[in-house]
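Visitor: Sharing a structure, written as structure tokens. Questions coming.
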Amino acid sequence: MAAAAVFKGPAERKGLFIGSIAAWAASSLSTTGLLISKAHASPVKAFWYAFGGGMGLRLAVLAVLMAYGYQHDAALSQPALLLSYAFGVLIFLLLESRHIKLK
């Protein structure tokens, strides 16, 4: 990761790793929900439910990461954790959106 050059300490590297893994997991689960929604009889309605569920999932993961970073303040860099999650979600969303094609 390019951010590892800026965040050089062990607390920063741990925050980058945890944030990136959380972003990948949230984006993958959200994309899976969107792919499953394409199989329903009403794909537009199912898409919006899956989209809203994915947004809710990302918000819940963000809240959990904020609480985790607050509780482990000494051993973990909260800015690195939250920045890697935010940018990771954007990057993975762009990468995985190529699998979603609505007709």
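Visitor: Counting other beta carbons within 10 Å of each residue's own, what order do SER28, SER77 fall into, fewest first?
Guide: Neighbour counts put them in this order, fewest first: SER28, SER77.
Visitor: A follow-up question, please. Within the chain, how many Lys pairs sit with Cα atoms under 29 Å apart, leaving out pairs fewer than 8 places apart on the same chain?
Guide: The number of close lysine pairs in the chain is 4.
Visitor: When only Cα pairs under 8 Å and 6 or more residues apart are kept, what is the percent relative contact order across the range 10-99?
Guide: About 52 percent, as a whole number.
Visitor: For LEU57, project a label point 7 Å along Cα to C-beta. Then give me every residue of the range 7-45 with its amide nitrogen under 11 Å of that point.
Guide: Output list for this probe position: 24-37.
Visitor: Here is a follow-up. Along Cα→Cβ, 7 Å out, is where each label goes; now give me the distance between the ones at TYR70 and TYR49 in nm to one decimal.
Guide: So the label points at TYR70 and TYR49 sit 3.3 nm apart.
Visitor: Taking the Cα centre of the chain as origin and charging only Cβ (+1 Lys, Arg; -1 Asp, Glu), how large is the dipole, in debye to the nearest 20?
Guide: Its charge dipole is roughly 400 debye.
Visitor: Determine the gain in length on full extension of the stretch PHE17-LEU94; use 0.36 nm per residue of separation and subtract their C-alpha separation, reporting nm with one decimal.
Guide: Contour length minus the Cα-Cα distance gives 25.8 nm.
Visitor: Using only the Cα atoms of the chain, construct the convex hull and provide its projected area averaged over every direction, in square nanometres to one decimal.
Guide: That works out to 6.4 nm², a quarter of the Cα hull's surface.
Visitor: A further question follows. Sorted by packing (mean other beta-carbon atoms within 10 Å per residue), highest first, where do 16-23, 30-37, 52-59 land?
Guide: Ranked from most to least packed, the peptides come out as 16-23, 30-37, 52-59.
Each reported figure results from applying straightforward, stated rules to the coordinates on display, with no laboratory input. This is a predicted model, so every value here is computed, not measured. When we count neighbours, we look across all protein chains shown, and the Cβ atoms used for this are built from the backbone with ideal geometry, even at glycine.
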